[in-house]
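Since the structure comes first, as structure tokens, the remarks are kept for the end.
Throughout, read-outs are computed from the coordinates displayed, never taken from laboratory work. On a predicted model such as this, the values are computed, not experimentally measured, just so you know. Here Cβ is always computed from backbone atoms with ideal geometry, including for glycine, and neighbour counts include all displayed protein chains.
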């Protein structure tokens, strides 16, 4: 190796200083297993901005960091109903839409739905969306329940007699009070948007009836556990269950995982990209959001994570087996059975927190 003289070294250091001083970094906080393998590298190559990427597995974790302040994140991805209350709390800055030209590619109908949580889509844009349904091990469920298995119904989880027969192979629920309680209300024939404490108490009692048969409450562990055959039934998010299905196929372990939107209906949700009010680098945040909304980039993410997106122009780049899968992009008749996340009154939110603690802890 040729050694550099001291003057040469000094010149080299001085020449590098402006580049180091000008390096831009964008800090991103997103759900686990929720981005394509090459997205971050492609972003850095295209923009010169270095992404630092951290993950979480519950909205509560994200919200706690935001409420504490100075999170250090430039882009975060809350779910729609959490976004709504966080906007009211002043946790996000309005988007500068002039810096996000790829907004022209968004599906207007889906953006209109998202505007129910964020009027005029002022603070956030849809990253991915999906449904909350059931993932299950086809063979293990059939072994325990036979041909009469209610695999197309929430009874697979919420009927105590059915759940008792599946307890040995493992049932899991999401650690998301909104998803679980709204789904329980809907199963009971009660408006899933209800904020009546008596209705919520009925949902909690339904959950307590099956609580002895639930192995755990978690919002990401079920992906690997379904794929490995460690559990046989899980309330889960559509793309996560389909990732589990793909992992099982790749592993060749003989585990047959299926996803179903139950006949009673299911929750539709939106995960939204937003910029915290105290983001260190809002310009880089806008650049990241705009990059992700590029139709080819967004299609690559959907092809990898199996969640649908709201970039209408991405569809020509989405793999046909993904685009044509009704569990990913539900047809009109299934969409008619989907209900949105409720934005609860703060007083009712305290009731929900109390009920959820009672359900999950068993006391």
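Listing for the model above:
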quantity: Largest-first principal axis extents, alpha carbons of segment 114-244, Å; calculated: 50, 36, 24
quantity: Gain on full stretching of the segment that runs from residue 208 to residue 333 - 0.36 nm per residue minus C-alpha separation; calculated: 41.8 nm
quantity: Degrees, to the nearest 10: 346-361 long Cα axis against longest axis of the chain; calculated: 70 degrees
quantity: Gain upon complete extension [residue 112, residue 67; 0.36 nm per residue less C-alpha separation]; calculated: 13.5 nm
quantity: Distribution of pairwise C-alpha distances over the chain, 10 Å bins, in %; calculated: 5, 23, 31, 23, 11, 4, 2, 1, 0
quantity: For segment 47-111, projected area of the alpha-carbon convex hull averaged over all directions, nm²; calculated: 5.9 nm²
quantity: 0 to 90° range, to nearest 10: angle between helix 177-187 axis and the chain longest Cα axis; calculated: 30 degrees
quantity: Protection proxy ranking, peptides 182-188, 37-43, average beta carbon neighbours within 10 Å, highest first; calculated: 182-188, 37-43
quantity: Using alpha-carbon coordinates, inclination of helix 59-68 to the longest axis of the chain, degrees; calculated: 50 degrees
quantity: Protection proxy ranking, peptides 67-76, 143-152, average beta carbon neighbours within 10 Å, highest first; calculated: 67-76, 143-152
quantity: Segment 264-363 - convex hull of the alpha-carbon atoms, volume per residue in Å³; calculated: 179 Å³
quantity: Relative packing of 337-348, 246-257, which averages over residues the other C-beta atoms within 10 Å, highest first; calculated: 337-348, 246-257
quantity: Unit Cα scatterers, Debye sum, segment 22-71: log10 I(q)/I(0) for q = 0.15, 0.26, 0.33 Å⁻¹; calculated: -0.49, -0.99, -1.21
quantity: Where the Cα pairs of segment 41-200 fall when distances are cut into 10 Å bins, in %; calculated: 8, 27, 30, 21, 13, 2
quantity: Value in Å of the Kirkwood radius, where segment 193-340 supplies the Cα pairs that are averaged; calculated: 18.0 Å
